[in-house]
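Take a look at the structure below.
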Amino acid sequence: MIPSLASMNETDTVQADKTQAGRTAVVTGGGRGIGAAIVRRLAADGASVVFSYRDDTDAADRLVKQIRADGGSVWAVKADQADRDAVIRLFDEADRRFAGSAGPGLNVLVVNAGTVSTCAIDEVSEDDYERIMAVNTKGAFFTLQQAFPRLRDHARVVAVSTMSTVYASGGESVYAASKAAVEQFIRVAAKELGPRGITANTIAPGPTDTDLLRAAVPEEARQAVAHMTPLGRLAQPSDIAEVAAFLIGPDSGWITGQNIPANGGLV
């Protein structure tokens, strides 16, 4: 029996362990879905969090209010990750916020912001190609570039990729390629940051029951995908946040340069 997708949501109670108390974190694309779940988990674990969002101010404001009501420390910054200047402003704002709370420097970076468009190779427009690459690849690169000089020793870097970089799926050529580039950025970052005790890894989620997926894929199709997993359900954003919490946490110090599948057993 597959659990009802409607019975799970993106605001499930977060189990906190305060392993991030006194630490600072920047999360890109943190206003909704997987990013919001990671922001909630970091804040519940005690981190001071600055997250970016692109255009849904209402969702970002709700998330900030929810976290602050629970005693968390969080700020939202509107920033289009395809715009290098906006990325710079995001980190400048994080500097300002952290200087007045947890102190300068960055303990955690989560590169999550992304966009997707499903289209056959011979139907991809130049505008679609440029937008996906600008947000997913260029945005990730300049996020890493801004974070590098701010990262404290023994910091954690996590990027959210996709299982589509390994399992080819029709219509996802540009999206998969854009995320494959991010995975390689992270492998190189692991080499460059390793001497400072900083780890860098990616997470490759499978189909995840976010509001974006629900808007794009009918319930019947989502249930069909859920049937394909040994666990009999889609991922929830909180499932991916749990994987991120491990990679960000104190017990993952020997894991770096890796791409961690989080797809419910899809093989």
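Pull out a ≥ b ≥ c, the square roots of the eigenvalues of the alpha-carbon gyration tensor of the stretch 24-260, then state rounded if a/c is under 1.5, prolate if not and a/b is larger than b/c, and oblate in the remaining case.
Rounded shape, in that the Cα axes give a/c under 1.5.
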Quick one: Karplus J couplings for the stretch 42-48, per residue in order, coefficients 6.51, -1.76, 1.60, θ = phi - 60°, nearest Hz, x for Gly and Pro?
4, 5, 5, 7, x, 6, 8
Through the Karplus equation 6.51 cos²θ - 1.76 cosθ + 1.60, θ set to phi - 60°, convert the phi angles of the stretch 77-94 into ³J(HN,Hα) values in whole Hz; use x for Gly and Pro.
10, 6, 7, 7, 5, 6, 9, 4, 5, 5, 5, 4, 5, 4, 6, 4, 5, 4
May I ask you to list the lysines whose Cα is less than 22 Å away from that of Lys78, ignoring any residue fewer than eight positions away on the same chain?
Lys65, Lys138
Given an 8 Å cut-off on Cα distances and at least 6 residues of separation, report the relative contact order of the stretch 24-260 as a percent.
20
Taking placed amide H atoms and a strict 5 Å upper bound, the residues 5 or more places from Thr202 or on another chain that come that close are Ala159, Gln258, Asn259, Ile260
List, in order, the whole-Hz ³J(HN,Hα) value for each residue of the stretch 152-167 obtained from phi through the Karplus relation with A = 6.51, B = -1.76, C = 1.60 and θ = phi - 60°; use x for Gly and Pro.
6, 4, 6, 6, 10, 10, 10, 10, 9, 10, 7, 5, 5, 6, 10, 9
Checking the a/c ratio against 1.5 first, then a/b against b/c, what shape does the Cα gyration tensor give for the stretch 218-267?
prolate
Mean-square fluctuation check for the chain, GNM, Cα pairs under 10 Å: which of Ile186, Ile248, Ile121 is largest?
Ile121
Highest GNM mean-square fluctuation, the chain, Cα pairs closer than 10 Å: which of Ala21, Ala244, Ala221?
Ala221
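FYI, it's all coordinate maths here, none of it is from the lab. The shown structure was predicted, so the numbers you read here are calculated from the model rather than taken from an experiment.
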